Amino acid sequence: MIETLHMTMEVLADAKVEIFVFLLAACVHFLLFSNRLPVKDLKAKAEEPAVREQKARPAAEPQNVKTLPGPASCICYGMKDLLRSDEVTQELIETELRRLLASFEVPEDETQAVLASACEGLGRFIANPELLASIKAIVGEVTNAYLAENLLRGYWSGKAYANFDSFLFTFGDFCKTSGTHIPRQAIILAIQFVVAADQIEAEAAQKQKARLALVGRGDAPVATPQVMTWEKLETIMKDFLPMLEDEASRYVSFHRILDVVVKRDAEKCWDVLKNMKQQGLPPNNVTCSILLKGARKHSQDKFLLDVMKVIDTREVKEIDEVLLGSLYEACIRCGQMKHLLEYVQKLRQKGGLIEIRSPHTGGSIIRAYGATGDMKGVWDTWNDLKSRGVEPTRITLGCMVEALAANDDPEGAYEVIQGALADPNTRGLVTAVTYSSVLKSLNYKKRYNRVWEIYEEMIRQKVEFTTTTYNALLDVCARSGEISRAEPLLKQMVEQGLAPSVITYSTVIKAYCGANMLEQAFKLFEEMKSHTNLDPDEVTFNTLMDGCARYGLFDRGCEVLQEMRRTGIPPSNYTLSVIAKLANRSKKPKMAFKIVEALRMEYGLKLNMHVYNNLIHAAILDNDLMKAQELFATMLENKIQPDGRTYAMVLRATVTHKLDALANVMLHIAFGMKVQDPRIVNNGKLHKSLLEQLLRPVQWAKAPLRSGNQLQEDVVTDAVEFLSSVEAAGLTKLVAEISKTMPSAAAMARP
């Protein structure tokens, strides 16, 4: 018995491979040939799937569905083999479709419904452009909503966006005049078309550029095609969206449209909101979050105020984390930090202080507080996240480290990194990018030894360096003048397989310039152009011009500027600042005004604080204090915030040239005081443009009294002492204000 059992098991073991192969072959045979039927059985077999199609058809569109199971399924089966061919043409497809319709004697008034059902079963073949063109040629004007939906699906799948665009709005007009209901799927495709408009336009421009290149006109300018116009958006909003049955779907659709509009033309957002309200959809938290994307640094103040009104007039006053995060992100982008932060705090108190559970929202709040220098807000938010058990993400940790490092607390940032490394759950969040914020902060504070200590620690921690990390370390070499450290760093980059970037070359060029090795800098510049596939960028050229400025090499610096322009790189404000510095260092201050003005006019630049500072310096070097006053007044007129250097240059010049009225005015503005004493402004030594600005509120232009660009106390001390010596008008109130922040400077005033 046992022997028989063993024998049976051995036979089964020997046969198991053959059994497995047989079963596998049977399965493959079934999959491949179960749908292969003789032509004579095609009509009979077509009946069953057609019935399934009829049952699965949406109940909302009964007028478009005909009980035509046989013809639709037969056409579907008959066309698939033809469409699999790579050599199929529109003529062949149209001929076969007409033959099949005729063979089943499909009436003309039922043709569109039959083709709609057939399209449903064609799957990926519906994207065939020849098939879609054949269907349009056969039916003429499409009046069947179900067929229209399938044609739109085909155009979309085949990326035939021009045909999609044309057919969508043509059929929309037909539905509007005939009262035909637009299928839900067609509306969804229309919204997708709106959302993808930017990508579609970019692809169209690229194709147009490629066509021009084929005919030898690759350098010709290419205008971006306007796929999505406001008229089309209005058609979708007014004619398509009302046909969506539920409110939630209409909200989602409007929000997707609003998200596109706010990026293209923020002012059109209010027209979208108007359409929403007309359809009974008041703005909610999501609406307001999308609107806040339009609040940017150079956006109009009115836009932000209008968004605030929308937020204040919401029916549901509670704010969620999405809206809260959007508000703080808007604070960062638009530059009106203090005003917006106060508004957000007020709004949070009205709607109830919600618990922050999202690390993303927490990171946005930390960034906003960090940008305003509110370190208490930064630490309170960070500690609140920790107390609630909210695990930070890599971005949240980076926001915290950057907020501390950017506010002169690199050691605090370093301690946060150490805390993250000590926790197994957050250790993996620390990267070279996280450390880079600390390295840059220490670099700006000229604590170079500390930088190299942390660099050694990063190596011990086996932190994976990136090109950005090496660029930051090379910048330390440039600022500290330790050019000898640069070569080992470059060698390590190569060993790790990291290719030097344009920034790498620019940083090393900067290091050479700082180490009195200008010729080596130019040599590396030429090597970069001839031995790599990298092209110098604006930073590279600006760095070389700055190197020329260090040594007063005016002509050589101007040659670099000309080469920069020949390569097609437009100058920026930084370029203008360097050019003004080059002229000043070369003892040609008048050339600073000439070149800067020419470039400003040619490239339409709006001068920033740094350019104005160097121009004011040029005026002072040229002993033209009236010009310096005019430039300062222009800054006030254009709402450009002066920094400590601005005030220091002018105040020192007033003391040197004994201009007590100007010194008095500058100190008043620097400490946020309005000039009210008529004796100050009526002495005839102030420029008329500065006098005009004194008639307006200028408290916003007060000098920074902390951070790296602050007004130094010794400058204020000298100015106060000078004004006291000449018994300047209005000095008592001025000294009283100065004493609040600089008591030792105020003490220099004579009693």
So for the stretch 622-637 (the condition being among the acidic types (Asp, Glu), open to solvent by 20 Å² or more (accessible area, probe 1.4 Å) and not in a helix (DSSP H, G or I)), does at least one residue qualify?
yes
When every residue in the stretch 565-615 that is under 25 Å from the mean Cα position of the chain (by Cα) and hydroxyl-bearing (Ser, Thr, Tyr) is compared, the one most open to solvent (accessible area, probe 1.4 Å) is TYR574
Q) Do we find a residue being over 26 Å from the mean Cα position of the chain (by Cα), more than 28 Å from ARG357 (Cβ to Cβ), surrounded by fewer than 17 Cβ atoms within 10 Å (Cβ to Cβ) and basic (Lys, Arg) anywhere in the stretch 384-392? A) no
How many residues of the stretch 351-362 are modelled with pLDDT of 65 or more and open to solvent by 20 Å² or more (accessible area, probe 1.4 Å)? The answer is 5
The helices (runs of 4 or more DSSP H) lying wholly within the stretch 454-556 that contain at least 3 residues that are more than 30 Å from GLY428 (Cβ to Cβ), open to solvent by less than 30 Å² (accessible area, probe 1.4 Å) and of a type in the set (A, V, I, L, M, F, W, C) are 502-514, 518-531, 538-550
Considering the stretch 232-247, residues that are open to solvent by 60 Å² or more (accessible area, probe 1.4 Å) and outside any loop (DSSP other than H, G, I, E, B), and then whichever is farthest from ILE187 (Cα to Cα), we arrive at GLU247
For GLY568, the lone unmet condition from (1) more than 16 Å from LEU621 (Cα to Cα); (2) small (Gly, Ala, Ser); (3) in a helix (DSSP H, G or I) is (3)
Checked against (1) modelled with pLDDT under 80; (2) open to solvent by 90 Å² or more (accessible area, probe 1.4 Å), CYS334 satisfies every condition except (2)
Scanning the stretch 579-607 residue by residue, those of a type in the set (D, E, K, R), within 16 Å of HIS617 (Cα to Cα) and free of Cβ contacts under 8 Å to residues at least 24 places away in the same chain turn out to be LYS594, GLU597
Of the residues in the stretch 694-728, those that are open to solvent by 20 Å² or more (accessible area, probe 1.4 Å) and of a type in the set (Gly, Ala, Ser) number 3
Heads up, the helices (runs of 4 or more DSSP H) in the stretch 640-690 (entirely inside) with at least 3 residues that are open to solvent by 20 Å² or more (accessible area, probe 1.4 Å) and not aliphatic (A, V, I, L, M) are 644-656
Subset of the stretch 380-412, residues among the hydroxyl-bearing types (Ser, Thr, Tyr) and in a loop (DSSP other than H, G, I, E, B), comes to THR393
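The values are calculated or read from the model by the stated rules, or taken from the named source; none is laboratory data. None of the values given here were measured: they were computed from a predicted structure. All Cβ positions, glycine included, derive from the backbone under ideal geometry; neighbour counts span all protein chains shown. Protein only, heavy atoms only, side chains kept; ligands, DNA and RNA dropped before computing areas. Shrake-Rupley method; radii C 1.70, N 1.55, O 1.52, S 1.80 Å.
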